[in-house]
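Working notes for the structure below.
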Amino acid sequence: MLRNIVSHITTSQRHNRFVQSILVAVFIVFGNLADANAQPVRAVARGELLYSTHCIGCHSAQAHWRDKKIVIDWTSLRSEVRRWQSNTGLAWSNQDIAEVARYLNALYYHYPTAD
């Protein structure tokens, strides 16, 4: 049974990476065709891109609304984003951390922000 579970997880991870690779390729091809006068990407969109690229492989939506959640306010949300990006060696800037926190806040938490 454990072998089946591990096999399923490995297959699922390969599928997720394949889908991410296709999305990146599409973004590269069509992103270059965008109008030069287009508005800059909003922080939420950048936060979503960073999160979906680096975090979604380990985090499902359940991580954000489980009973024993660590995040209880805006400050703790930013702290957790900072902690996890550091634990995984991403070396994000303060702006990147804030953008991912804003994305997660808009999607799951809805805490008042200090920014």
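Hey, can you tell me all the residues within region 67-94 that are out of contact with any His (no Cβ under 9 Å at 6 or more places or on another chain) and in contact (Cβ under 8 Å) with a residue 40 or more places away in the chain? Please lay out each step first, then the result.
First, pick out the residues of region 67-94 that are out of contact with any His (no Cβ under 9 Å at 6 or more places or on another chain): 67-70, 72-83, 86-87, 89, 91, 93-94.
Of everything in region 67-94, just one residue is out of contact with any His (no Cβ under 9 Å at 6 or more places or on another chain) and in contact (Cβ under 8 Å) with a residue 40 or more places away in the chain, namely W74.
Condition check ((1) touching a helix residue (DSSP H, G or I) at 6+ places or on another chain (Cβ under 7 Å); (2) part of a helix (DSSP H, G or I); (3) assigned by TED's automatic domain parsing to the domain that holds Y108; (4) at pLDDT 90 or above) across all residues:
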{"site": "V44", "(1), (2), (3), (4)": "yes, yes, yes, no"}
{"site": "S52", "(1), (2), (3), (4)": "no, yes, yes, no"}
{"site": "C58", "(1), (2), (3), (4)": "no, no, yes, no"}
{"site": "A63", "(1), (2), (3), (4)": "no, yes, yes, no"}
{"site": "D67", "(1), (2), (3), (4)": "no, no, yes, no"}
{"site": "I70", "(1), (2), (3), (4)": "yes, no, yes, no"}
{"site": "R78", "(1), (2), (3), (4)": "yes, yes, yes, yes"}
{"site": "R82", "(1), (2), (3), (4)": "yes, yes, yes, yes"}
Among the residues of region 71-79, are any under 12 Å from the mean Cα position of the chain (by Cα) and buried (at least 19 other Cβ atoms within 10 Å of the Cβ)?
no
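Of the residues that make up region 19-32, is at least one at pLDDT 75 or above, of a type outside the set (F, W, Y) and either under 11 Å from the mean Cα position of the chain (by Cα) or in a loop (DSSP other than H, G, I, E, B) (or both)?
Restricting attention to region 19-32, the residues satisfying the condition of being at pLDDT 75 or above are none.
Checked against the condition, which is being at pLDDT 75 or above, of a type outside the set (F, W, Y) and either under 11 Å from the mean Cα position of the chain (by Cα) or in a loop (DSSP other than H, G, I, E, B) (or both), region 19-32 yields no hits at all.
The values are calculated or read from the model by the stated rules, or taken from the named source; none is laboratory data. All values reported here derive from a predicted model rather than from experimental measurement. FYI the Cβ positions are ideal-geometry reconstructions off the backbone, even for glycines, and counts take in every protein chain you see.
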